[in-house]
Structure formats: C-alpha cells, structure tokens
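Since every read-out is calculated from the coordinates, none of them should be taken as a lab result. What you see is a predicted model; the values in this text were computed from it and never measured. So basically every Cβ, Gly included, is an ideal-geometry build from the backbone, and we count neighbours across all protein chains shown.
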Amino acid sequence: MTNEGASEPTGSLMDDLYREIILDHYRAPRNRGDIESPTCSADGSNPLCGDQVHVAVDLTDDRIESIRFSGEGCSISQASTSMMTEHVLGLDGLSTRMAIKQFQSLMLNGEPPENSKLGDSEALAGVAKFPARVKCALLGWKTLEQALDREHNAPVTTDERERQDG
Ligand code: ZN
C-alpha cells in the first residue's frame with residue numbers, strides 16, 4: 001500500500017484491493033497447465049469477448065485430486081478460472097457444485113450468498129454490475145461444471161443457448 005497523501009474514498013480503495021487480487025491471478029495463474037489423462041475435461045468459450053478456457057480434472061473417490069486449466073482471453077476470464085481452480089481443489093463433487101452455484105449467485109447479486117466461502121473469488125463481486133463481463137467471469141466455472149457433467153455421462157450440449165436452470 002502506498003501513501004500518496006490523497007484522501008481516497010474507501011470504495012475506491014476497496015476497488016484497488018480487488019483489482020490487485022484479480023491482476024495477481026491473471027499474472028500468476030494458479031494450477032495452469034494440463035493433465036495427461038484427466039478423469040474429465042471440457043472446453044469453454046465466450047465468443048462475445050474472445051475468451052477460451054480448457055479445464056481438466058482428476059477425480060479420486062469423487063474428490064478433485066488435481067485440476068489444471070489453460071486458455072486465453074481477458075483478465076477477468078483468466079483470473080476467475082485461476083480462482084476457481086484454487087477454490088475447488090480438494091473438494092468433493094457436491095461441494096464443487098455448491099461452490100459453482102455460490103459463484104453464480106455472486107455474479108447475479110453482486111454479493112456472496114450467506115455462509116459461502118468463495119475466497120479470492122469474492123474479489124470479482126464488482127463484475128456483477130457489468131453483465132457483459134459476467135460471462136467472462138462465469139466461463140471457467142461453467143466449463144468445470146460441464147467437465148463434471150461429462151464424468152457422469154450426461155449429454156453435453158453444443159447448443160449455444162444456455163441450459164435452463166431448474
Ligand atoms: Zn472476457
């Protein structure tokens with residue numbers, strides 16, 4: 001933190017702090033790479049922004065033993081995917097799906113749901129104000145969800161329209 005002598009409003013300071021967390025994940029992504037023979041994997045893209053991610057997961061006894069991602073795109077999409085991998089590593093399937101739902105709720109409401117512990121991902125709360133960027137932030141999480149769906153042999157839709165929540 002620097003002391004510039006200027007009286008910054010608290011809100012702006014918080015924004016700076018959040019931006020730092022996001023940039024840190026963008027510049028030094030966690031769990032970047034690939035897994036040679038993953039239990040499941042999926043590719044996701046956000047054509048509106050040009051974001052692409054590949055997520056590979058190794059499951060052991062329904063637990064995320066290892067997770068790696070690769071991709072390219074804007075800082076929000078890549079930082080969010082990095083945060084996602086860090087957050088779900090070691091979680092079981094149910095907890096992972098709950099985390100995905102909690103993050104979706106964060107993107108919908110701009111604040112984390114009660115009792116959620118989304119860690120660094122909460123730094124993305126401000127993105128909720130920008131619907132176009134919400135798609136960037138959700139990309140990695142939705143791609144993970146798709147990878148997990150494949151694990152259970154659920155059909156993977158190639159329809160660009162999003163599945164209805166229900
Ligand atoms: Zn993007």
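Arrange the following residues from fewest to most other Cβ atoms within 10 Å of their Cβ: Thr60, Thr143, Thr39.
By the 10 Å Cβ count, ascending: Thr60, Thr39, Thr143.
Please state, rounded to one decimal and in Å, the Kirkwood hydrodynamic radius that the stretch 29-151 gives when every pair of distinct Cα atoms enters the mean of 1/r. Walk me through the intermediate numbers first.
Values: mean 1/r = 0.0714 Å⁻¹.
About 14.0 Å, per the Kirkwood formula over Cα pairs.
Quickly work out the Phe130-to-Leu91 label distance, labels modelled 7 Å from Cα along the C-beta direction, and quote it in nm with one decimal.
Each label point lies 7 Å from its Cα, and together they span 2.4 nm.
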